[in-house]
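One structure is given below, encoded as structure tokens.
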Amino acid sequence: MTLALQEAKRAAEIDEVPIGAVVVKDDEVISKAHNLRETLQDATAHAELLAIKEACEVLGTWRLIGCTLYVTLEPCPMCAGAVILSRVDKLVFGAKDPKGGACGSVVNLTADDRFNHRPEVVEGVMAKECGEILKAFFQGKRKRQR
């Protein structure tokens, strides 16, 4: 999660919402990414999707079996869907997202037994640190808008 937080800080430095993601397999970092929605003007350029895409390229397969995805914020429905569809074994996230989280906050896609894959989910890892970087970012945005 420390590496995911570093990625979140990189996002904040370029005025992106500070969310970072890291994919690990066999104790090796396969990929890491941060939000790039504003930079790329791409609604799908979430940290999780970018990290999953890179991990697929590195491993040469769309099936991320044996992989763990670490992300600083609870994934949205789009990203939770990508976790399920890419067969990530384990999802570890920091802060909950009460307005858009799809792993227990608003909906719980990752626990829905109608899907053919359900990753193990661990929530709240370094939640305080993950939440603080988001809080500081949005406070700064509001101050600059005044």
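Observations on the structure shown:
- The chain: antiparallel DSSP beta bridges as a percent of all, rounded to 5: 55
- Degrees between helix 47-59 axis and first principal axis of the chain (Cα, 0 to 90, nearest 10): 40
- Solvent exposure of the range 1-72 amounts to 50 Å² per residue of accessible area, where only protein heavy atoms count and the probe is 1.4 Å.
- The long axis of helix 2-13 is offset from the longest Cα principal axis of the chain by roughly 40 degrees.
- Cα gyration tensor shape of the range 68-109, rounded if a/c is under 1.5, else prolate or oblate by comparing a/b with b/c: oblate
- Seen from ILE14, the other residues with C-beta closer than 14 Å to its C-beta sum to a net charge of -1, counting Lys and Arg as +1 and Asp and Glu as -1.
- The range 31-104: C-alpha gyration tensor shape, a/c 1.5 cut-off, then a/b vs b/c: oblate
- Every helix of 4 or more DSSP H residues in the chain counts as -39500 (n - 2.57), and over all residues that averages to -12000 deg cm²/dmol at 222 nm.
- Tensor-based shape of the range 74-140 (alpha-carbon gyration tensor, a/c under 1.5 rounded, otherwise prolate or oblate): prolate
- Here the Karplus relation 6.51 cos²θ - 1.76 cosθ + 1.60, evaluated at θ = phi - 60°, turns the backbone of the range 110-124 into coupling constants of 5, 9, 6, 6, 7, 7, 7, 9, 10, x, 5, 10, 10, 10, x Hz, with x for every Gly and Pro.
- Here r is the Cβ-Cβ distance between ASP42 and ASP113 and R0 is 41 Å; the resulting FRET efficiency, rounded to 0.05, is 0.80.
- In range of the label at PHE138: residues from the range 83-97 whose backbone nitrogen is under 20 Å from the point 7 Å along Cα→Cβ: 93-97
- Spin-label model, ASP15 to LYS128: label points 7 Å out along the Cα-to-beta-carbon direction sit 3.2 nm apart.
- For the range 95-146, relative contact order (Cα pairs under 8 Å, six or more residues apart, normalised by length) works out to 30 percent.
The values are calculated or read from the model by the stated rules, or taken from the named source; none is laboratory data. Only a predicted model underlies this, so the values are computations on that prediction, with no experimental measurement involved. Because the Cβ atoms are built from the backbone with ideal geometry, glycine has one as well, and the counts that use them run over all protein chains shown. Surface areas here come from the heavy atoms of the whole protein model, side chains and all, with no ligands, DNA or RNA. Shrake-Rupley method; radii C 1.70, N 1.55, O 1.52, S 1.80 Å.
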